[in-house]
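Asks: Pasting a structure below so you can have a look.
The values are calculated or read from the model by the stated rules, or taken from the named source; none is laboratory data. These numbers were taken from a predicted model, which means no experiment stands behind them. So basically every Cβ, Gly included, is an ideal-geometry build from the backbone, and we count neighbours across all protein chains shown.
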Amino acid sequence: MRRQQIQTYLFVFGIVLTVSACFTEPNYSNTPVIDFKGLFKYQIAAGKGVGQSKRDSIVITIGFKDGDGNLGVDNPSEATIASYSANGGWGNYEIKTFRLVNKQYVQYDQLVLNTLFFPDLAKGKPKGAIEGTLDFNQTFPYGTTNVFYPTKFQIRIRDRDLNASNVIETDTITLPYLN
């Protein structure tokens with residue numbers, strides 16, 4: 001009887017050891033790498049009051065991989081913002097908007113996109129490789145007169161060591177702009 005218990009425990013231990021040996025931590029670069037996952041658009045109906053006009057909302061989803069897991073900043077201080085801004089004039093998430101005008105994509109500056117930060121993606125976890133997805137949401141309000149432009153975005157991110165990722169480009173989507 002006792003011998004059967006020992007054999008059962010050894011069998012279970014062997015399986016656990018085998019399964020745990022199958023997992024190896026990914027070997028990603030310490031410079032983040034991103035890829036485009038999707039672009040989703042939905043319309044928000046008008047509400048009552050100021051700032052409640054009808055608007056289009058978009059969600060851009062990117063995938064990321066980083067070897068040391070130092071992506072994101074929680075509640076950036078003025079010093080952190082200044083450090084990022086002094087190194088390229090952007091936060092840890094850069095998004096550039098391009099509108100199709102006269103058959104050419106022209107960059108359209110949006111002040112709200114100048115210094116963006118996403119939160120720490122590995123908070124409370126040990127240093128190491130991470131991967132996942134990151135969503136960015138932006139709204140485009142309708143006014144009394146609008147112009148609709150085919151629009152695409154270029155995106156890159158950077159880690160706390162200021163290593164910038166590759167640049168990705170989204171699909172094209174038509175959005176309203178105030179005239």
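Asks: Among the residues of segment 60-92, write down those that are in contact with a helix residue (DSSP H, G or I) (Cβ under 9 Å, 6 or more places away or on another chain) and not small (Gly, Ala, Ser).
Replies: Matches in segment 60-92: Val73, Pro76, Trp90, Asn92.
Asks: May I ask you to list pairs of residues, at least six apart or on different chains, whose Cβ atoms are under 9 Å apart, with the first in segment 33-47 being over 15 Å from Lys152 (Cα atoms) and of a type in the set (A, V, I, L, M) and the second being outside any strand (DSSP E or B) and at pLDDT 90 or above?
Replies: Close Cβ pairs satisfying both conditions: Val33/Ser165; Val33/Asn166; Ile34/Ser165; Ile34/Asn166; Ile34/Val167.
Asks: OK, next. Quick test for you: out of Ser20, Ser53, Ser29, pick the one residue that is part of a loop (DSSP other than H, G, I, E, B), modelled with pLDDT under 95 and within 23 Å of Ile130 (Cβ to Cβ).
Replies: On the way: Ser20 fails: part of a loop (DSSP other than H, G, I, E, B); Ser53 fails: within 23 Å of Ile130 (Cβ to Cβ).
The match here is Ser29.
Asks: Considering only residues that are assigned to a strand (DSSP E or B) and of a type in the set (A, V, I, L, M), look in segment 108-147 and name the one that is farthest from the chain's Cα centre (by Cα). Please lay out each step first, then the result.
Replies: Taking segment 108-147 and keeping what is assigned to a strand (DSSP E or B), we get 108, 116, 130-141, 146-147.
If we keep only those that are of a type in the set (A, V, I, L, M) as well, we get 116, 130, 134, 147.
Numbers: Leu116: 11, Ile130: 13, Leu134: 3, Val147: 28 Å.
Per the criteria, the residue is Val147.
Asks: Being among the polar types (S, T, N, Q) and at pLDDT 95 or above, is that true of even one residue in segment 138-150? Give the derivation first.
Replies: Pass one, segment 138-150, residues among the polar types (S, T, N, Q): 138-139, 144-146.
With the extra rule that they be at pLDDT 95 or above, the set shrinks to none.
No, segment 138-150 has no match at all.
Asks: Residues to consider are Arg160, Arg156; find the one that is charged (D, E, K, R), in contact (Cβ under 8 Å) with a residue 24 or more places away in the chain, more than 26 Å from Lys54 (Cβ to Cβ) and surrounded by fewer than 18 Cβ atoms within 10 Å (Cβ to Cβ). Walk me through how you get there before you give the answer.
Replies: Details: Arg156 fails: surrounded by fewer than 18 Cβ atoms within 10 Å (Cβ to Cβ).
After ruling out the rest, the residue left standing is Arg160.
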